[in-house]
Amino acid sequence: MTPISQPQQSTAPTATVDLTAQTTDEPLERAKPKVFETRDLAVFYGDFRAVRDVNIAVHQSEITAFIGPSGCGKSTVLRCFNRMNDLIDIARVDGHLTFHGVDLYDKAVNPVEVRRRIGMVFQKPNPFPKSIYENVAYAPRLAGLAKKGSAMDEIVETSLRKAALWDEVKDRQKKSALGLSGGQQQRLCIARALAVNPEVVLMDEPCSALDPIATGRIEDLMEEIKQQYTIIIVTHNMQQAARVSDRCAFFTTEVSETSDTRTGVLVEYDATEKMFSNPSDERTENYVTGRFG
Amino acid sequence: MAITAPEITTDVVRARLQGEKADVSGAAFKDLLVACLAMVLAALIALIASVSGEGIDVLWRRGIVEFMSEPFSIRPQAAGVYQAVVGTVTCAVIVAVFAFPLGLASAIYLEEYASDTFFTRAIDVVIRNLAGVPAVVYGLLGYALFVGGPFKEITGGSSVLSAGLTLSILVLPIVVITSAEAIRAVPSALREGGFGVGATRWEVTRTLVLPNALPGVLTGTILGLARALGEAAPLILVGAATSGFSGGEPGDLTGRFTALPNIIATWSKLPPRNWTGNTQAAILVTLALVLGINAVGIILRNRFEKKK
Amino acid sequence: MTAISSPTPGPVSLEDLAGDPKRQRVERVVRAVLTVAALTSVLISIAIIYVLFRDAVAFLGSIRLSELNDDVWLPRGGRFGLLSPVLGTLWVTLVAVVIAGPIGLGAAIYLSEYAKPRVRRIVKPIVEILASIPSVVVGFFAIRFIAPEITEKIFSNSPSQNLLVAGIGVGLLTIPLMTSVSEDALRAVPMSLREASSGLGAKKVTTVVRVVVPAAISGLVAGLILSISRAIGETMVVFLAAGGTGTRPDSPLDGGLTITSAMASVASGTDNVVGVGNTFQSIFFLGLVLFLITLSLNVVADRFVRRVRQKY
């Protein structure tokens with residue numbers, strides 16, 4: 001049994017590399033490699049254009065935050081990055097979205113493979129009604145990364161450690177995941193996403209159902225794993241975006257002039273520091289200073 | 001002119017709170033509703049009483065096993081329901097083998113795979129309407145397909161195989177509709193979790209959706225099965241035997257057959273003096289079977305609902 | 001085997017994202033199997049319609065249409081008076097609905113509006129038991145209890161087996177359906193409506209009769225139509241208890257047959273009848289008539305059910 005579809009030209013550190021050896025204080029100006037690039041990305045639900053004109057580049061080992069008022073299409077855009085929108089019958093994606101230069105919506109691209117490489121954590125913790133162990137082992141087993149036994153045990157332990165959950169659950173891995181607290185469940189969902197060895201983790205308002213303490217732990221966790229994973233997070237919490245993200249995209253809604261429909265639109269995309277201190281668009285400034293939304 | 005306020009006493013307040021006068025119409029209305037339920041209950045009691053009586057006597061005197069292992073006979077003292085029991089149980093197995101997988105697969109297709117197109121909406125409407133087609137019409141279809149039609153060579157005409165297949169078609173819509181409901185009740189967050197870590201649609205369905213929906217699916221199937229086993233009309237059209245016949249042994253799928261509801265119908269039309277006891281005994285056996293299966297289904301469902 | 005403990009960022013090619021061919025093959029096969037299964041249901045309905053039309057048309061081609069106007073339905077004797085089974089069906093359905101409609105509705109209102117959860121837990125299974133009793137058993141009950149103990153005592157001049165006896169039996173069978181559809185409709189009425197009514201000081205009975213029942217009326221009508229459809233399609237009770245005479249019934253106190261029981265009686269002598277002219281084909285004609293009636297009733301009922309769903 002061989003692991004499936006490991007990227008051949010991988011320049012990544014291998015399992016044995018000490019990750020702490022990587023430098024973390026690289027300035028943003030010396031931009032890291034681009035993981036995603038979008039050009040004129042738009043999403044339609046039937047005839048309704050939910051969001052338009054999204055032009056951004058997501059960089060490796062950074063946390064990119066999507067902020068904006070509700071209904072601005074930030075979650076919709078997020079779901080383009082691992083083709084979750086494919087699951088909605090009437091959703092249609094227009095424009096270009098590349099992953100390391102490969103068109104993610106190319107006919108030859110398999111959305112299942114995309115989702116293995118680009119994991120997702122959802123707004124509400126949604127662990128499977130299985131044991132903690134089985135939750136983490138689920139995706140690696142389907143992907144053929146490991147069967148039962150010590151190899152799988154190792155994946156589960158590593159993933160739970162990365163999600164800072166190992167110490168809390170190591171003695172009750174066979175217990176149902178539904179018995180965990182909300183914050184623990186969300187970290188389990190992160191472990192579940194990491195277990196299948198993705199490169200990117202998409203987080204759709206991962207803390208909106210959690211209390212401040214659990215939220216803090218998730219934010220710490222994101223900070224810890226961002227060296228290894230590129231993270232895109234959707235949040236409606238501006239402080240959170242300011243705390244954790246390296247870059248920030250601000251979306252808002254525009255009411256159409258011809259009809260009474262609202263379309264999400266990207267207003268500004270820049271380094272988080274600049275977005276919160278010296279935004280170039282007035283609408284961004286109004287939003288981050290709390291004058292709107 | 002000054003309005004003099006009425007003197008407020010506790011009695012006055014209490015009377016106000018209780019209403020001006022006793023609520024006669026309300027009480028009468030409620031009594032009427034209770035009477036409706038009482039009538040249902042009374043009918044059920046009368047029904048059970050009228051089907052027991054001599055039947056218990058027959059089962060007691062001859063022994064349940066004896067009664068169930070004697071074949072058709074024109075002599076009431078010797079007649080048993082062996083072939084009918086074999087026929088009904090065989091039909092149950094055939095229904096379980098055909099209707100369950102086919103119905104579940106259709107439900108999975110409709111709920112998990114089909115996109116919302118004109119075609120799938122049409123299938124949905126068709127299945128809903130199939131569920132409302134009277135049982136006797138399925139008998140005609142069973143006759144035209146399995147007894148006198150294209151599959152005659154395989155089924156052997158009026159056989160237990162034809163009967164079982166006809167009943168399978170009869171319960172198929174019930175299995176599809178209840179399974180689809182159970183599948184729809186699985187939270188979509190669970191599916192998203194599966195898709196989000198790179199599971200294929202079938203993997204999500206097999207490992208996440210079905211384990212969650214299975215109790216509901218099983219309940220639907222079991223209730224459908226119980227209904228099918230009580231049906232006599234379609235089997236009359238498929239040609240259930242109404243008189244004594246040789247054969248009807250287990251495993252003989254293509255020979256002549258009868259089933260419990262059909263034997264009840266046949267015996268009901270025989271002279272009451274000699275046959276009432278046997279008919280009631282056959283009814284008791286059938287009720288035990290059908291209500292037993294139903295009870296399993298209802299218990300399963302209640303457990304399922306409690307868990308949710 | 002390499003441990004999979006760290007991500008593998010970096011350039012990817014289109015081939016990398018093509019996915020595992022084996023998993024995709026499984027996916028395609030499963031989809032194909034499921035599609036075939038769903039198509040089977042469609043095929044079955046097409047088969048039903050095809051079979052009914054084919055033999056019904058063949059039957060109609062073998063007689064003069066005026067023969068359908070005969071006074072008597074006696075296919076073995078070559079007499080095809082359609083009005084006998086149609087009138088019989090009407091009488092039986094009427095009696096059944098007169099019984100099942102009010103009783104079923106009353107039981108539903110009680111269960112939905114009055115019964116405490118504990119009472120409901122006991123009463124609901126009783127209705128469900130009634131629903132699961134095979135119709136042939138109710139047929140036996142009709143000839144051995146309803147006829148001698150009820151109808152013969154009231155109408156002593158009528159034949160023991162008649163459409164009224166059958167209608168009562170069918171009504172009994174229909175009560176659970178009426179109850180469950182009506183109860184669903186009543187429970188779908190939002191609590192806020194009830195609270196608004198009692199908040200204005202309305203008595204419970206007023207709230208139920210003036211607010212809840214009108215709000216649920218679409219669902220209640222659907223329940224009634226479904227009950228009618230069910231009563232029309234019921235076979236065994238009528239086959240056993242209605243007498244089976246093929247003459248036109250003038251009242252429910254006459255013996256008679258319905259569309260369904262006429263089909264069953266021709267078929268219960270299958271061996272003798274097959275091949276004898278158009279006698280057996282006649283029941284396909286009856287089957288088509290039955291199918292079209294119940295189908296239209298179900299479609300109408302479905303409209304009403306949908307209306308309830310849209311409202312709340």
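Summary table below
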{"item": "The protein assembly as shown - mean residue ellipticity at 222 nm from DSSP helices (-39,500 (n - 2.57) per run, n ≥ 4, rounded to 500)", "result": "-17500 deg cm²/dmol"}
{"item": "For chain C: rounded, prolate or oblate by the Cα gyration tensor [a/c cutoff 1.5]", "result": "oblate"}
{"item": "Prolate/oblate/rounded call for chain B, Cα gyration tensor, a/c under 1.5 rounded", "result": "oblate"}
{"item": "Length-normalised contact order for chain A - Cα pairs under 8 Å, 6+ apart - percent", "result": "24"}
{"item": "A:Lys32-B:Ala38 pseudo-label distance in nm [points 7 Å out on the Cα-to-Cβ vector]", "result": "7.9"}
{"item": "Cross-link reach list, lysines versus A:Lys32, counting only Cα pairs under 22 Å and skipping chain neighbours closer than eight places", "result": "A:Lys226, A:Lys274"}
{"item": "Between 0 and 90°, nearest 10: helix A:150-162 axis offset from chain A longest Cα axis", "result": "40"}
{"item": "Chain C: DSSP helices with Cα axial extent of at least 20 Å and average Kyte-Doolittle hydropathy no lower than -1.0", "result": "C:21-62, C:83-109, C:117-132, C:163-187, C:217-233, C:279-311"}
{"item": "Sequence of A:Glu257, A:Glu62 once ranked by neighbouring C-beta atoms within 10 Å, starting from the fewest", "result": "A:Glu257, A:Glu62"}
{"item": "Nearest-ten-degree value, helix A:132-143 long axis tilted from longest Cα axis of chain A", "result": "80"}
{"item": "Per-pair calculated FRET efficiency, R0 = 45 Å: B:Ser188 and B:Asp31 via Cβ, rounded to 0.05", "result": "0.45"}
{"item": "Straight-distance crosslink candidates among lysines, where the alpha carbon sits under 29 Å from B:Lys30 and sequence neighbours closer than 8 are dropped", "result": "B:Lys21, C:Lys116, C:Lys124, C:Lys203, C:Lys204, C:Lys311"}
{"item": "Centroid-to-centroid separation of segment C:13-58 and segment A:48-65 [C-alpha atoms, Å]", "result": "39"}
{"item": "Cβ-defined net charge surrounding C:Pro159, 13 Å radius [Lys, Arg +1; Asp, Glu -1]", "result": "-3"}
{"item": "Simple label model, 7 Å out from Cα along Cβ direction - A:Lys175 to C:Val57, nm", "result": "7.0"}
{"item": "Contour minus Cα-Cα distance for A:Asn237 and A:Asp53 (0.36 nm per residue)", "result": "63.9 nm"}
{"item": "Computed over segment B:41-124: relative contact order in percent, which uses C-alpha pairs under 8 Å that are six or more apart", "result": "13"}
{"item": "B:Asp23 versus B:Ser73: modelled label distance in nm, points set 7 Å from Cα along the beta carbon direction", "result": "6.3"}
{"item": "Contour excess over end-to-end distance, with Cα ends at C:Leu193 and C:Ile217 and 0.36 nm allotted per residue", "result": "7.2 nm"}
{"item": "Rg in Å to one decimal, and Dmax rounded to a whole Å, for chain A via C-alpha atoms", "result": "19.2, 62"}
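Coordinate-derived values only; no laboratory data. A quick note: this is a predicted structure, and the numbers were derived from the prediction, not measured. Virtual Cβ from ideal backbone geometry, glycine too; neighbours counted across all protein chains shown.
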